[in-house]
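Below is one structure, written out as structure tokens; the observations come after it.
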């Protein structure tokens, strides 16, 4: 296959590109190398990809007029996986403009480019934050999601809605997946596991929100990439052409569009995650307890019914395996013992 991956220097994009390249596919990777977090880490990821046969790196911003249209015409991808975005729940309180530019304007530009240069399957990364103030657990793809608690979540919901309209109007087979707290080697420095690791090794205290009682559906990166890779081959059919896979399916009645959770469905308390991290590091953490910040939710949990129906597997790696793997990578990459 010829695949375009946006956000290829990002955490998830890097791992997905490696998987696709290992299978022998031709991958074009687009990334803006924004300075939201360590650009050196992003450059290192892309350098690793550039050493592999079949990878074509492209540097540019989604918001640049005409860039995506030109890129799709040149690369002629059969599959587009849109992972590029301004990420981070709390940063959206500080710099909402970055989210409007990347997640709204950038995603619109991609949809326009795909409309003009049709592909076999468009896949888009959304977030469990889209469930917002919902309290019924587990979060199901069929739940109404109309109460985002952050502007980040609002922009992702808007992207989903825009993609559905383009899927309906122009017959674009589209899958939007909602990720649940992804972690693992080469992870994002702004996320809790990365921050906690750095501070514990430096002998600094860590801030633990909600007394550690908050629960997250932690999803190991290899499991998530496996799910995304399998979903690439399961493009939603046009309405009336193909039967849904089961009662849990979220096929749109008016478009070849589907929404899928990617999470394991087994929430873990944050304090249990810290316990596992302490064991992996061989060091205790000094914990400063703080209340839950605005926009955070006390618990996330993915319904896994649809993902299991579609691809026959769900994320299963426990934190007792995933966290030591992250710590090993961290120590190797940063030379920290």
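Filtered by the rule that a residue be modelled with pLDDT under 95, assigned to a loop (DSSP other than H, G, I, E, B) and on the phi < 0 side of the Ramachandran plot, region 292-312 gives 292, 293, 294, 296, 297, 298. For the structure I just gave you, tell me whether residue 148 is in contact with a helix residue (DSSP H, G or I) (Cβ under 9 Å, 6 or more places away or on another chain) and modelled with pLDDT of 95 or more. It is false that residue 148 is in contact with a helix residue (DSSP H, G or I) (Cβ under 9 Å, 6 or more places away or on another chain) and modelled with pLDDT of 95 or more. In this structure, residue 221 does not satisfy being surrounded by 23 or more Cβ atoms within 10 Å (Cβ to Cβ), more than 23 Å from residue 315 (Cβ to Cβ) and touching a helix residue (DSSP H, G or I) at 6+ places or on another chain (Cβ under 7 Å).
Every listed requirement among (1) touching a residue at least 12 places away in the same chain (Cβ under 8 Å); (2) assigned to a helix (DSSP H, G or I); (3) out of contact with any strand residue (DSSP E or B) (no Cβ under 6 Å at 6 or more places or on another chain); (4) more than 19 Å from residue 187 (Cβ to Cβ) is met by residue 327 save one, (4). None of 145, 158, 154 is in a loop (DSSP other than H, G, I, E, B) and farther than 21 Å from residue 227 by Cα except 145.
Would you confirm, using the coordinates I've provided, whether residue 178 is under 29 Å from residue 39 (Cβ atoms), part of a loop (DSSP other than H, G, I, E, B) and touching a helix residue (DSSP H, G or I) at 6+ places or on another chain (Cβ under 6 Å)? Please lay out each step first, then the result.
Details: under 29 Å from residue 39 (Cβ atoms): yes; part of a loop (DSSP other than H, G, I, E, B): no; touching a helix residue (DSSP H, G or I) at 6+ places or on another chain (Cβ under 6 Å): yes.
Considered against the rule, which asks whether it is under 29 Å from residue 39 (Cβ atoms), part of a loop (DSSP other than H, G, I, E, B) and touching a helix residue (DSSP H, G or I) at 6+ places or on another chain (Cβ under 6 Å), residue 178 comes out as no.
The residue list 268, 232, 208 contains one member that is surrounded by 15 or more Cβ atoms within 10 Å (Cβ to Cβ) and within 17 Å of residue 327 (Cβ to Cβ), which is 268.
Within region 316-326, identify whether any single residue is closer than 30 Å to residue 236 by Cα and surrounded by 12 or more Cβ atoms within 10 Å (Cβ to Cβ), and answer yes or no. I'd like the intermediate steps shown before the answer.
Narrowing region 316-326 to residues closer than 30 Å to residue 236 by Cα: 316-317.
Restricting the remaining residues to those that are surrounded by 12 or more Cβ atoms within 10 Å (Cβ to Cβ) gives 316-317.
Yes, region 316-326 contains a residue that is closer than 30 Å to residue 236 by Cα and surrounded by 12 or more Cβ atoms within 10 Å (Cβ to Cβ).
Taken together, the residues in region 49-63 that are surrounded by 15 or more Cβ atoms within 10 Å (Cβ to Cβ) and not in a strand (DSSP E or B) amount to 6.
The values are calculated or read from the model by the stated rules, or taken from the named source; none is laboratory data. Being a predicted model, the structure only gives us computed values, none of them experimental. Heads up, the Cβs are rebuilt from the backbone with ideal geometry, glycines too, and the neighbour counts pull from every protein chain shown.
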